[in-house]
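Colleague: Before anything else, here's the structure in question.
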Amino acid sequence: MIDPQHYTPGLANGAQIRKDRGQNGEEKWTLILVRELRHSPEKDWEAITDPAQLREWAPFDADGSLGTVGNKVKLTTVGAPVPRVTETTVTRADAPEVLEYKWGGFDMRWELEDLGDGTRLTLWTNIGHRFIAMGAAGWHICFDVLDHLLGGTPLGRMVGPDAMKFGGWQRLHAEYAQQFGIETLNWPPEAPKR
């Protein structure tokens, strides 16, 4: 395993936001992240559907496979101050190309495109606009951890509050907020001064 202190994430890139209107006219924000990985779509598919592999890089644990339509799976957010468990049903699983389910009520759509010498992984997920830059920074680091894991040089999982304490996350958060034209949140919040 590589010492995570020797890891520095690259610049914020490969992310965009889309703003739509929901059924009731509410603003709906979608984070779209694109990453090119050095592995086959089949290998990447296993990493995004297999509970043992998700436990190594994703911001949630799964109690079952996400690789089969109709599977009911409990997803537990890692590092949440209060345990947060949501049940999802896999709504689409066209291996190794498209995967869809919800996490905590938010749509998750994964697309894997074979590039011949790797995979273009695209994730679409709904995130509240106040947290979209945070989500982009978190997923950026998760995808780095995934790429290292599949390449045989694991970094170890970096998610939740632990990732937010990491200097690279702070930088990414600020860069994505600037790219998206949104204000950065004071996160983690500072204790009030006396």
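The values are calculated or read from the model by the stated rules, or taken from the named source; none is laboratory data. Fair warning: this is a prediction, and the values are worked out from it, not measured in the lab. Neighbour counts run over all protein chains shown; Cβ positions are idealised from the backbone, glycine included. When the accessible area is computed, the model is the full protein with side chains, heavy atoms only, and any ligands, DNA or RNA have been set aside. Shrake-Rupley method; radii C 1.70, N 1.55, O 1.52, S 1.80 Å.
Colleague: Find the lysine pairs in the chain meeting two conditions, Cα atoms under 28 Å apart and a separation of 8 or more places or different chains, and report how many there are.
Modeller: For the chain, qualifying lysine pairs total 13.
Colleague: Any idea what % of Cα-Cα pairs in region 87-155 are farther than 19 Å? Don't skip to the end; give the middle numbers.
Modeller: Working: 1054 of 2346 pairs.
That fraction is 45 percent.
Colleague: Right, another one. Counting pairs of Cα atoms in region 1-103, how many percent are more than 25 Å apart?
Modeller: Distances greater than 25 Å cover 34 percent of the Cα pairs.
Colleague: Let me ask you something else. What residue among P83, L99, V159 has its Cα farthest toward the positive end of the dipole of the chain, where the charges are +1 on Lys, Arg and -1 on Asp, Glu, each on the Cβ?
Modeller: Among P83, L99, V159, the one farthest towards the positive end of the dipole of the chain is P83.
Colleague: Under a 1.4 angstrom probe, counting protein chains only, how are F60, F106, F180 ranked by accessible area, largest first?
Modeller: F106, F180, F60
Colleague: Averaged per residue, what accessible surface does the chain expose to a 1.4 Å probe, in Å²?
Modeller: Per-residue accessible area for the chain comes out at 53 Å².
Colleague: Follow-up question, since we're still on this one. Please tell me the relative contact order of the chain in percent, rounded to the nearest whole number, where contacts are Cα pairs under 8 Å and at least six residues apart.
Modeller: So the answer I get is 23 percent.
Colleague: Can you tell me what percent of all Cα-Cα pairs in the chain are more than 25 Å apart?
Modeller: Distances greater than 25 Å cover 35 percent of the Cα pairs.
Colleague: If amide H atoms are built 1.01 Å from N in the plane of the peptide, which residues on other chains or at least 5 residues away come under 5 Å of the amide H of Y101?
Modeller: Excluding prolines and chain starts, which carry no amide H, the hits are T91, M108.
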